[in-house]
Amino acid sequence: MRVRLFAIAALGLLLIACAPATDANTQPAAAPTVEPAANTITPPAPTDPPAGESAIVAEPDPTDPPPTAEDASTPRPVGEFDVFPVAPSIGPHDVAPAPDGRVWFTGQHSGDMGLLDPATGEITRFELPAPSAPHGVIVGPDGHAWITDSGANAIVRIDPASGEITSYPLPPDRPNANLNTAAFDGNGVLWFTGQNGVYGRLDPATGEMVVYDAPRGRGPYGITATPKGDIYYASLAGSHIAHVNTETGEATVIEPPTPNQGARRVWSDSQGRIWVSEWNAGQLGMYDPATGTWQEWPLPGPNPQAYAVYVDDSDIVWVTDFSSNALVSFDPQTEAFEVYPFPGNSAAVRQLLGRPGEVWGGASALNEVYVLYTGP
């Protein structure tokens, strides 16, 4: 397996003031500066710092040669990983490829956001309003990054062109929601989950936010939108998935066949079928809303732990297995698994996202971002 190492970039910091509890707060900022990447050695996984702690940047070795961009003529190494180290103590959790070819990642430990240029290894850093512990990130219809920030108990938006950061705090009566992930429905409304028993909606056009009590309390974690714009979320503590009526906000519980399976994350395929990573059971589940039926498949290997799930543009399903420290693909047509061991030991890749020919994930325990090339 070929693994190509890229380097750490220095900080491009943006600061905005804390928002009032009920209103969005926007502060324009100058575009962050980006310095050339510096070659470094990835350190062992750090101890989690408090939420909002400033990012730590490794000092470059002046004797190291400068990094070079990838030769555009080099064939893509299909079936192989590239590795992009980030600064120590960042704890990259979720990733999201951006329209311009760069890739967002959340610095859950450092309280900021990174924007990686895979061609050069350069990383632009955006500091979020303290206290911050960003968990999830997606790219919205507007091309901006949308972040579920559990430390700030807010939804945060970043405009990568201007550097402007907008914060949408949850209402004062919804403290400590433990925000996790988000998805846009077919009307451009953002839906999000909080493990402490809530889910909610934010209308970017008006800034209106509504937070709902989850039908069975604690657990809402992963969330997804179908091609038709329907919303489903997974409840880790509740071991179920739920369909959200985007008109009324009501969530309807849908029980998987395996009790206490630990539904962690969900993703829709092109047909609107919902794929579920079942953490406790070590299984991949699939719910078909058209028929109301389920199928489940145990992951290969001993004692699997299915964490993240993502369905690519070819409807191949991808899962991270903590037990085998691997990325696992599943072809629904043949019902065959294929295992791709991660480059680093105990990588702890907790989320997946991608674009055609690429599957991306953050190795949170190693302070690295991975990409597996799956095609041209």
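The values are calculated or read from the model by the stated rules, or taken from the named source; none is laboratory data. Bear in mind that the values here come from a model prediction, so they are computed numbers and not experimental data. Note: ideal-geometry Cβ built from the backbone for every residue, glycine included; neighbour counts use all protein chains shown. Ligands, DNA and RNA are excluded from the accessible area calculation, which covers all protein heavy atoms including side chains. Shrake-Rupley method; radii C 1.70, N 1.55, O 1.52, S 1.80 Å.
Given a 1.4 angstrom probe, what's the average accessible area per residue across the range 289-351, in square angstrom?
Averaged over the residues of the range 289-351, the accessible area is 45 Å².
Under a 5 Å amide H cut-off, with hydrogens placed 1.01 Å from N, Glu358 pairs with Thr374 among residues at least 5 apart or on other chains. Take the Cα of Ser346, step 7 Å toward its Cβ, do the same at Thr252, and the gap between the two points is 4.4 nm. With all projection directions averaged, the alpha carbon convex hull of the range 268-354 covers 5.5 nm².
Using the per-residue mean of other Cβ atoms lying within 10 Å as a proxy for protection, in what order, highest first, do the peptides 272-284, 165-177, 89-101 fall?
On the way: 272-284: 23.7, 165-177: 17.9, 89-101: 21.5.
Ranked from most to least packed, the peptides come out as 272-284, 89-101, 165-177.
Counting every alpha-carbon pair across the range 266-312, the share separated by more than 18 Å comes to 27%. The mean of 1/r over all distinct Cα pairs in the range 181-331, once inverted, gives the Kirkwood hydrodynamic radius of 15.2 Å. For the range 80-127, a simple Cβ point-charge model (Lys and Arg +1, Asp and Glu -1, everything else neutral) yields a dipole of about 100 debye relative to the Cα centre.
Couplings for the range 188-200, taken from phi via the Karplus curve 6.51 cos²θ - 1.76 cosθ + 1.60 with θ = phi - 60°, read x, 8, 8, 10, 9, 10, x, 5, 7, x, 9, 9, x Hz in order; Gly and Pro are left as x. Annotation: Cα Rg of the range 219-258 relative to the compact-globule expectation 2.2 N^0.38 Å equals 1.13. The alpha-carbon atoms of the range 115-197, seen along their principal axes, cover 43, 32, 20 angstrom, with the largest extent given first. Using the average count of surrounding beta-carbon atoms within 10 Å as a protection proxy, the listed peptides 338-348, 217-227, 184-194 rank, highest first, as 217-227, 184-194, 338-348.
Alpha carbon centre of the range 137-154 versus the range 290-351: separation in Å? Spelled out, the Cα-based centre of one part sits 25 Å from the other. Computed over protein heavy atoms with a 1.4 Å probe, the carbon and sulfur contribution to the accessible area of the range 178-287 reaches 41%.
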